[in-house]
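S.K.: Supplied in structure tokens, the structure appears directly below.
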Amino acid sequence: MSHVARFGSAQLRDHLLILIIVLGSRSALYAAGLRFNLDLGWMFLSDPSDLRERPFETVYFFHAFAPGMNLITGGLLKIAPGHLATAAALVFSAFGWLLAASLYQILKTLGNSRWSSLTLAVAFSLLPQTLFLENLFLYTYLCAALLCFSAALFHHALCRASTLSWLGFFLTCTALGWLYTVFHLIWFAAMLVVALSLASRDTRRRVVLGAALPALLLVGLYTKNFALFGVFGATSWGGANLTLVTTQQMSPVERNEWIRDGRLSPYAGISAYAPPSEYLRFFPEDLHFPWPGSNELVRASVNEGNFNHGLFLQVNRARSQDAAYFIQTRPGEYLGRVFTENLPSLFHSTTHWHPHDRRPNSPHRNHREVLGKYEQRYDSIVHGWPVPGVGLYAFLPPFLVWALLSVSTGLRAADRAERAGAALLGFCLLQIAFVVTTSSLFTAWEASRYRFAVEPCIWIVVAVALRAAYQRVRGWLPGLGRAPT
């Protein structure tokens, strides 16, 4: 018992040390001029004035994207309207600590030493992409932190096997589903199947009980959208995302020919990022939708297009049909683009994800003024060799194969703790496979940002594999100097 108490105390000290380092480094960077970019004009947000004055109604009638960021924005507008950027920066810094602390906990659980786990967790918190995204009002950073935290909770729930521990894990999964549409209800169901398959037979009832309320919250979101808008999902923009890797990649001449022939909808010739005003010529002048926030062309307080406009329900359904027709007609071209363009771009530098990255309106302009030289040096080392752009990630497949084999072996071990560790590594491996696959198949152009959600999982797989390789080589060393017998 005293050993357990000392272990817990050491863990607490390490988490406190991580907190001090994260806060200290952020304070130093703030003094150097790094600022939080609080842009409320993102297409996945409602009008800030609506979120401030009637947050629940605004979120309820929002169908365009997952509502998590709207809820966070509405809460910040209520709590700290006069210090919005400072409040948002504090929230994101808190998630930064959660990410680093979870990464440390997982690495240590999987057998890395205390100091190597601390070093890797702190190093990750100081990466250029970590600092860039931590200082941008975007859901990507929050999702990376929650996904890493969910991995730690998954292992904890497997070991504790209590309803409360599974509730914590599945609530985190639901939060991910409310923040980022890639963590779909199907993904949630897959996590439930994984948990049930790994839990012992006498504890599966606790898994189901722990998942019940979180599942209800996520299914409730989908059901609400289906009842109001006819969309069973967290977003009505799935079709638009798929056009980015299909019809939007066609040459304008060929695409216009397909539109004239009726093979594509008239919307196929319009950019997926175009505001609703671009579509008005296809709709009657007296167009009106019954849902609040669905008729305004512009979000007045930020002077940006309203992507929650009701016409997008019809537009994006048609875009889904366009994309499906393209894939059915040209499956080879579609898959070729997935493997030769989308997949490699997923492993490009995360800090260059934005389409306007090289322009004055880049969301990372201020970040680059402070960290530009550091970013350039990092990119030259990590993304410069052996494959330009992809860089060191070209060596990732062998690590993934090793992890798969290690998980397969570990899950058959007699020791319960060893099985739980293998399940934790398998959980991280599953997230990498899921995000890489969905990001390559269903969208394009911002793929390197999508990868950041599983960047901690990549670090975990590589770190654990390198530790295993080091131990294997170390075990060989005593015999290397022996004379042959």
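S.K.: Looking at A161, is it of a type in the set (A, V, I, L, M), surrounded by fewer than 21 Cβ atoms within 10 Å (Cβ to Cβ) and over 12 Å from A453 (Cβ atoms)?
M.R.: Spelling it out, A161 is indeed of a type in the set (A, V, I, L, M), surrounded by fewer than 21 Cβ atoms within 10 Å (Cβ to Cβ) and over 12 Å from A453 (Cβ atoms).
S.K.: If you go through region 251-262, how many residues are surrounded by 15 or more Cβ atoms within 10 Å (Cβ to Cβ) and either closer than 30 Å to P67 by Cβ or under 34 Å from the mean Cα position of the chain (by Cα) (or both)?
M.R.: Looking only at that region, the number is 1.
S.K.: Something else about it: Among the residues in region 330-349, are any touching a Lys or Arg at 6+ places or on another chain (Cβ under 9 Å), under 19 Å from L131 (Cβ atoms), at pLDDT 95 or above and not aromatic (F, W, Y)?
M.R.: Yes, because at least one residue in region 330-349 is touching a Lys or Arg at 6+ places or on another chain (Cβ under 9 Å), under 19 Å from L131 (Cβ atoms), at pLDDT 95 or above and not aromatic (F, W, Y).
S.K.: If you go through region 170-184 one residue at a time, do you hit one that is part of a helix (DSSP H, G or I) and either touching a strand residue (DSSP E or B) at 6+ places or on another chain (Cβ under 9 Å) or farther than 18 Å from G220 by Cβ (or both)?
M.R.: Start the filter on region 170-184 by keeping residues that are part of a helix (DSSP H, G or I), which leaves 170-179.
Then keep just the ones that are either touching a strand residue (DSSP E or B) at 6+ places or on another chain (Cβ under 9 Å) or farther than 18 Å from G220 by Cβ (or both); that gives none.
The answer is no; no qualifying residue exists.
S.K.: Which helices (runs of 4 or more DSSP H) sit wholly inside region 298-402 and have at least 2 residues that are of a type in the set (G, A, S)?
M.R.: Of the helices (runs of 4 or more DSSP H) lying wholly inside region 298-402, those with at least 2 residues that are of a type in the set (G, A, S) span 311-329, 331-337, 365-382.
S.K.: Looking for whichever is open to solvent by less than 10 Å² (accessible area, probe 1.4 Å) and in contact with a strand residue (DSSP E or B) (Cβ under 7 Å, 6 or more places away or on another chain) here; the options are F132, F92, F137, F62. Which one fits?
M.R.: F137
S.K.: Return the residues of region 185-207 that are of a type in the set (G, A, S), within 21 Å of R416 (Cβ to Cβ), part of a helix (DSSP H, G or I) and open to solvent by 10 Å² or more (accessible area, probe 1.4 Å); say none if nothing qualifies.
M.R.: Result: S197, single match.
S.K.: From the list A453, A463, A444, A420, exactly one residue is buried (at least 17 other Cβ atoms within 10 Å of the Cβ), of a type outside the set (S, T, N, Q) and part of a loop (DSSP other than H, G, I, E, B). Which is it?
M.R.: Exactly one residue qualifies, and that residue is A444.
S.K.: Enumerate the pairs (first residue in region 372-384 and closer than 12 Å to S349 by Cβ; second residue anywhere and part of a helix (DSSP H, G or I) and among the small types (G, A, S)) with beta-carbon separation below 7 Å, excluding pairs fewer than 6 apart on the same chain, so at least 6 apart or on different chains.
M.R.: V382/G391; H383/G391; G384/G391
Condition check ((1) more than 21 Å from P363 (Cα to Cα); (2) in a loop (DSSP other than H, G, I, E, B)) across all residues:
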| site | (1), (2) |
| --- | --- |
| I20 | yes, no |
| G24 | yes, no |
| E57 | yes, no |
| H63 | yes, yes |
| T73 | no, no |
| L90 | no, no |
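S.K.: Conditions first: (1) among the basic types (K, R); (2) touching a helix residue (DSSP H, G or I) at 6+ places or on another chain (Cβ under 7 Å); (3) under 30 Å from D50 (Cα atoms). R281 passes all but one, so which condition is the exception?
M.R.: (2)
S.K.: Conditions first: (1) open to solvent by 40 Å² or more (accessible area, probe 1.4 Å); (2) assigned to a helix (DSSP H, G or I). D39 passes all but one, so which condition is the exception?
M.R.: Going through the list (1) open to solvent by 40 Å² or more (accessible area, probe 1.4 Å); (2) assigned to a helix (DSSP H, G or I), D39 breaks only (2).
S.K.: Given the structure, is Q471 among the polar types (S, T, N, Q) and either closer than 19 Å to H352 by Cα or out of contact with any Leu (no Cβ under 7 Å at 6 or more places or on another chain) (or both)?
M.R.: So Q471 passes the test.
S.K.: Exactly one of (1) among the aromatic types (F, W, Y); (2) open to solvent by less than 50 Å² (accessible area, probe 1.4 Å); (3) free of Cβ contacts under 8 Å to residues at least 24 places away in the same chain is unmet by W237. Its number?
M.R.: (3)
S.K.: Shifting gears a bit: Which residue, of L107, L51, L76, is open to solvent by less than 10 Å² (accessible area, probe 1.4 Å) and either closer than 28 Å to S150 by Cα or among the small types (G, A, S) (or both)?
M.R.: Just a single option satisfies the conditions, and that option is L107.
S.K.: Moving on to the next point. If only one of P284, P331, P292 is closer than 14 Å to F62 by Cβ and either among the aromatic types (F, W, Y) or out of contact with any Gly (no Cβ under 8 Å at 6 or more places or on another chain) (or both), which one is it?
M.R.: Working: P284 fails: closer than 14 Å to F62 by Cβ; P331 fails: closer than 14 Å to F62 by Cβ.
Just one listed residue meets the conditions, P292.
S.K.: Hey, another quick one. When residues of region 395-414 are filtered for being free of Cβ contacts under 8 Å to residues at least 40 places away in the same chain and either farther than 26 Å from A190 by Cβ or polar (S, T, N, Q) (or both), how many remain?
M.R.: Summing the residues that are free of Cβ contacts under 8 Å to residues at least 40 places away in the same chain and either farther than 26 Å from A190 by Cβ or polar (S, T, N, Q) (or both) in region 395-414 gives 4.
S.K.: What number of residues within region 228-286 are under 23 Å from G177 (Cα atoms) and assigned to a helix (DSSP H, G or I)?
M.R.: Total satisfying the criteria: 8.
The values are calculated or read from the model by the stated rules, or taken from the named source; none is laboratory data. Computed from a predicted model, the values in this text were never measured in an experiment. With ideal geometry, Cβ positions are generated from the backbone for all residues, glycine too; neighbour counts draw on all protein chains shown. Please note that ligands, DNA and RNA were not included when accessible areas were found on the heavy atoms of the full protein model with its side chains. Shrake-Rupley method; radii C 1.70, N 1.55, O 1.52, S 1.80 Å.
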